[in-house]
Amino acid sequence: MPKSFLIDTSRCTACRGCQIACKEWHELPANKTTQYHWGSHQNPQDLNPNNYKLVRFSEHLEDGVVRWNFFPDQCRHCEVPPCKELGDVYIEEAIVKDEKTGAVLFTEKTKGFSKEQAEEVREACPYNIPRRNETTGMLSKCTMCNDRVHAGMLPACVKVCPTGTMNFGEREEMLALGKQRLAALKKKWPKAMLADPEDVNVIYLLTDEPANYHDFAVAEANVGPMSKKQFLATLARPFKAMKA
Amino acid sequence: MTNHWIDIKNADSILIMGSNAAEHHPISFKWVLQAKDKGATVMHVDPKFSRTSARSDFHVPLRSGTDIAFLGGMIKYIVDNEKYFKEYVANYTNAALVVGKDYGFKDGLFTGYDEKTRSYDKSKWGFEMDKNGVPVRDTSMKNPRCVFQLLKQHYSRYDLDTVSATTGVSKENLLKVYEAFAATGKPDKAGTVMYALGWTQHTVGVQNIRSAAIIQLLLGNIGVAGGGINALRGEPNVQGSTDHTLLYHIIPGYMAMPHSGWQTYDQYIKGNTPVSNDPMSANWWQHKPKYFASLLKAWYGDHASKENGFCYELLPKIEKGEDYSYMFLFDRMYQGKIRGGIIIGLNPMNSVPNTNKVRKALDNLEWLVTSELHHSETTDNWHRPGVDPKTVKTEVFLLPSAHRLEKEGSVTNSGRWMLWHYQAVKPAFEARPFGDMFCGFMSRLQALYAKEGGKLPESVTWLDYPKTYDPDDLCARINGRFTQDAKVGNKQYKKGQQVPSFTALKDDGSTMSLNWLYAGSYTEEDGNKAKRRSTKQTEMQAKIGLFPNWAWCWPVNRRILYNRASVDLNGKPYNPAKAVIEWKDGKWIGDIPDGGWPPVSSGKGRSPFIMSKHGFGQIYGPGRQDGPFSEHYEPVETPVDSNKFSKQLNSPVYKFVSSNMDKLAKPADPNYPIVLTTYSLTEHWCGGGETRNIPNLLEAEPQQYVEMSPELAQEKGIKNGDGVIIESVRGKVEAIAMVTIRMRPLKVHGRIIHEIGMPFCFGWTTPGSGDATNRLTPSVGDPNTTIPEYKACCVNIRKADKLTELAT
């Protein structure tokens, strides 16, 4: 049974303890950031090879009331990860899934992807997560702190969260917690929802429309009739099936 | 805090005002959210919509510096609508006390005002006494001179229209907060107030908090679980350092600093020990001589005796009425009256107002000792932009300081819990804890005075100062020891053993203690209680999240102050579901009560507010410099030229310095029409001296910004991300515009007033990050504390042609 996260955004204060703890645990260097021509608390501006986790800030007015939504963005560790499906087409097992924890992991072998292939892997991700380290060529993203999890510890981002936003445990437990919290929140927040709970192991609980958090908060948020990444993911499937 | 962090979860209503709790005290929101889960209403009243607002039920924007108008309106609402807890107000507060004939209030001034000295004669505000010297009380609260009636009259001017026009808060929003919070005036409901520097850093800072105290006393919210006035203090041991006297006007344990008016021990004791003739008043400060004598005994050891006034006369004394807070210190430095100094634990070249002046003032020193983890704007002041280091004569010593993870010791959190923290790693290279440095300073000073003599050398050579720094031993000394064999109850103690509690302290020289409040924290029986980590609790304690065996809390491990006010006259809890204490089978159970006397109805009890002279919660507070009731005055720099509550525009007694660099904009100055408020942020700590050197934190908040509304941005032709210049009459600061709907234009005095907000953590030693926001703020302060008015001043803003302080 894989592990899951429940990210209850109704409790997030955007303290960014998770973002910093992730960097500390993975010993990722700091990026040079700026407010110039940016003017936002969301720093760095996007996920990058040095930030596997990023708290996104999004504000809008709803009937004259300010809504400021926080979205601690990270890999969703999909049940059937499209990045792996496509990646396996180019280099088998460059992207692996740890069946014990459910962690989807980018290995050293991802350095073998060409720039274009890496871009395709990124595009295959419904959540726009993978980032290529242009120096080493390696693809990077959240590791679920798989080493910590195997050692019986919580992922770093969960360990530091002071408010109960970041939760981690057995998938069934997290789904149950998600449903329970959703029921409680629905009263005040009729738009409250769990984001793609059937497909992912990082389940976001949202109180507002997904687009008010982030373009890629849910897989459906950025579809036309069929997005390029979904199309690519479909393409990948027969190959996977053939290999199996 | 009267209460403690976990206790916030017991609240039915949470008013966060003068604080951005989620950003500056992130852990507090663990408990705020738990209260919210159980149905509590969480309200955030603040000029800016912040991360705190985002997690509150609602946010109410108000103009910075108008909190008393807002809260005065709430007091009027509570009184007019009879939302107050009558039994509590009549029995436990001074609402029923009759005020003397000399008290009065007219046109914004209380009686006793002297224009020449800008001060009040507080003797005009005293209570009426009966023939026994006990305050006259009318528990029906109908006497027209009783506090309750005077309160009603005083705040009758705070109607919704006037409050709204002053604060910029709509009447609808005012009522929303008033109704939700006043609903806690019921015996079984509790509301908490969480505040921080957003209330203190005003020329009316103390009265902001007084206003909240009045509200909490009216609603019966003091002493109860989920109630209280909760000052959210900083991680850097602000509570502990205040208890142990970071501030100049007190000595350890909140006793007055000796001044020139008290030349002898007897004069000090007479001038500082309150007397009450009311048998119902515990008047706890009557014990002050015991605490003071024990403190002197701890300072001067065997040299201190009853005969020599425990060496009191060796103590340095400040001039009576003189102000030694940093605003005035830097002014003296600017005038060349100070030759040298030690600046440790703060970065004043970034965090003191009118920074252009204080940076120049520091140049006047001959020598300066600093101790830091990193170079800061203070340690490197002589290298600052625009100054040739060769022209600065100051000899600067920068001592490498150990990081807190490299030291062990105690930290006292906001809830008054003394917690031990352990050394994680040894200090790198030659870095040392501050304590170690001070022991070194003192050893050398003592040796020098012993060898060379000097004026009154005994004041230094006789000090019983530790030769080496041992935090555990220091904590033992803080608790206090017997200096002779003694018996407490049935227990025999030997000379040199730890005192069990402050009730064992004596004024005859037989005990010593560095801080009476901490007596009981380190005992013979239980050792250093800061190290306790047991979650053992009774069922009653579990209901309110009270953990009496986890660490230790001053005083005497009492977790909720004034808890005798949580029960009725018979000792029965007003809210049985969240009882703090209860009189059961002839004893108190639950928390440690405020004194062990039986309930009031027994006739042998005491009024619950044991630290105040008369035993009552002080709705009427005659001890403050600026009046017994709070009153709205405009900030010293204000965008309006009149005060709708009185003819008095600013506080008549606010403090200021007046060098040629201390300019102030005139009221409603068209050159500076915008209100500026300043703040900390989650990612950087205070002046940023440490955190700007932590790459991952600098990545998250890299540069000086200014938060402003889209409306103001449009008016000024500024786009999000543009470089801008903010200017006050004192200086200019560059910033990047953060144009956000989280800042709202406010309708004040019938017109639109804009407010902008800036953090103060950025400084020039972090290249390209920006420089001190405090170059804009004025050196004006609260009359009680001299805390500067960081939270409200007047500025203008324009798009920058070029940026020199910020990397682009």
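Report yes if B:Ser371 is farther than 20 Å from B:Ser659 by Cβ, touching a residue at least 12 places away in the same chain (Cβ under 8 Å) and surrounded by 15 or more Cβ atoms within 10 Å (Cβ to Cβ), otherwise no. Before the answer, list the steps.
On the way: farther than 20 Å from B:Ser659 by Cβ: yes; touching a residue at least 12 places away in the same chain (Cβ under 8 Å): yes; surrounded by 15 or more Cβ atoms within 10 Å (Cβ to Cβ): yes.
In short, yes.
If the condition is being facing chain B (nearest Cβ under 10 Å) and open to solvent by less than 30 Å² (accessible area, probe 1.4 Å), then region A:41-53 contributes A:His41, A:Gln42, A:Asn43, A:Pro44, A:Asn51. Hey, does region B:726-740 have a residue that's facing chain A (nearest Cβ under 10 Å), surrounded by fewer than 19 Cβ atoms within 10 Å (Cβ to Cβ) and in contact with a strand residue (DSSP E or B) (Cβ under 9 Å, 6 or more places away or on another chain)? Looking for residues that are facing chain A (nearest Cβ under 10 Å), surrounded by fewer than 19 Cβ atoms within 10 Å (Cβ to Cβ) and in contact with a strand residue (DSSP E or B) (Cβ under 9 Å, 6 or more places away or on another chain), one finds none in region B:726-740, hence no.
When A:Ala183 is tested against (1) touching a residue at least 40 places away in the same chain (Cβ under 8 Å); (2) surrounded by fewer than 19 Cβ atoms within 10 Å (Cβ to Cβ), exactly one condition is not met: (1).
For region B:236-290, filtered to residues that are in contact with a helix residue (DSSP H, G or I) (Cβ under 9 Å, 6 or more places away or on another chain) and of a type in the set (D, E, K, R), the residue that is most open to solvent (accessible area, probe 1.4 Å) is B:Asp266. Taking region B:265-304, which residues are outside any helix (DSSP H, G or I), over 13 Å from B:Asp508 (Cα atoms) and touching a Phe, Trp or Tyr at 6+ places or on another chain (Cβ under 7 Å)? B:Thr273, B:Pro274 - these are the residues of region B:265-304 that are outside any helix (DSSP H, G or I), over 13 Å from B:Asp508 (Cα atoms) and touching a Phe, Trp or Tyr at 6+ places or on another chain (Cβ under 7 Å).
For A:Ala118, the stated conditions hold: it is surrounded by 20 or more Cβ atoms within 10 Å (Cβ to Cβ) and among the small types (Gly, Ala, Ser). For region A:129-160, a residue qualifies if it is open to solvent by 30 Å² or more (accessible area, probe 1.4 Å), assigned to a loop (DSSP other than H, G, I, E, B) and not small (Gly, Ala, Ser), and the qualifying residues are A:Asn133, A:Glu134, A:Thr135, A:Thr136, A:Met138, A:Thr143, A:Met153, A:Leu154. The listed residues are A:Thr13, A:Thr34, and the only one of them that is within 11 Å of chain B (Cβ to nearest Cβ), open to solvent by less than 10 Å² (accessible area, probe 1.4 Å) and either closer than 28 Å to B:Arg744 by Cα or in contact with a Pro (Cβ under 8 Å, 6 or more places away or on another chain) (or both) turns out to be A:Thr13.
How many residues are aliphatic (A, V, I, L, M) and within 13 Å of chain A (Cβ to nearest Cβ) when one looks only at region B:9-39? The qualifying residues number 7. Among strands (runs of 3 or more DSSP E) entirely within region B:690-767, having at least 1 residues that are out of contact with any helix residue (DSSP H, G or I) (no Cβ under 9 Å at 6 or more places or on another chain) singles out B:705-708, B:723-727, B:732-739, B:751-753, B:755-759.
Checking each residue in region B:518-530 for being open to solvent by less than 10 Å² (accessible area, probe 1.4 Å) and in contact with a helix residue (DSSP H, G or I) (Cβ under 6 Å, 6 or more places away or on another chain) picks out B:Tyr518, B:Ala519, B:Ser521. Against the definition (within 11 Å of another protein chain (Cβ to nearest Cβ), at pLDDT 95 or above and open to solvent by 10 Å² or more (accessible area, probe 1.4 Å)), how does A:Ile20 come out, yes or no? Answer is yes for this residue. Restricting B:Trp550, B:Trp554 to those that are in contact with a Leu (Cβ under 6 Å, 6 or more places away or on another chain), at pLDDT 95 or above and within 24 Å of B:Asn3 (Cα to Cα) reduces the list to B:Trp554.
Can you find even one residue in region B:538-550 that is of a type in the set (D, E, K, R) and within 22 Å of B:Gly223 (Cα to Cα)? Yes, some residue in region B:538-550 is of a type in the set (D, E, K, R) and within 22 Å of B:Gly223 (Cα to Cα). Checking the structure you have, find out if any residue of region B:46-63 is open to solvent by less than 10 Å² (accessible area, probe 1.4 Å), modelled with pLDDT of 95 or more, of a type in the set (Val, Ile, Thr) and touching a strand residue (DSSP E or B) at 6+ places or on another chain (Cβ under 9 Å). Yes, region B:46-63 contains at least one residue that is open to solvent by less than 10 Å² (accessible area, probe 1.4 Å), modelled with pLDDT of 95 or more, of a type in the set (Val, Ile, Thr) and touching a strand residue (DSSP E or B) at 6+ places or on another chain (Cβ under 9 Å).
From the list B:Thr677, B:Thr638, B:Thr691, the lone residue that is open to solvent by less than 40 Å² (accessible area, probe 1.4 Å), within 14 Å of chain A (Cβ to nearest Cβ), within 25 Å of the chain's Cα centre (by Cα) and among the β-branched types (Val, Ile, Thr) is B:Thr691.
The values are calculated or read from the model by the stated rules, or taken from the named source; none is laboratory data. Since the structure is predicted, the reported quantities are computational estimates derived from the model, not experimental observations. With ideal geometry, Cβ positions are generated from the backbone for all residues, glycine too; neighbour counts draw on all protein chains shown. With ligands, DNA and RNA removed, areas are computed over all heavy atoms of the protein, side chains included. Shrake-Rupley method; radii C 1.70, N 1.55, O 1.52, S 1.80 Å.
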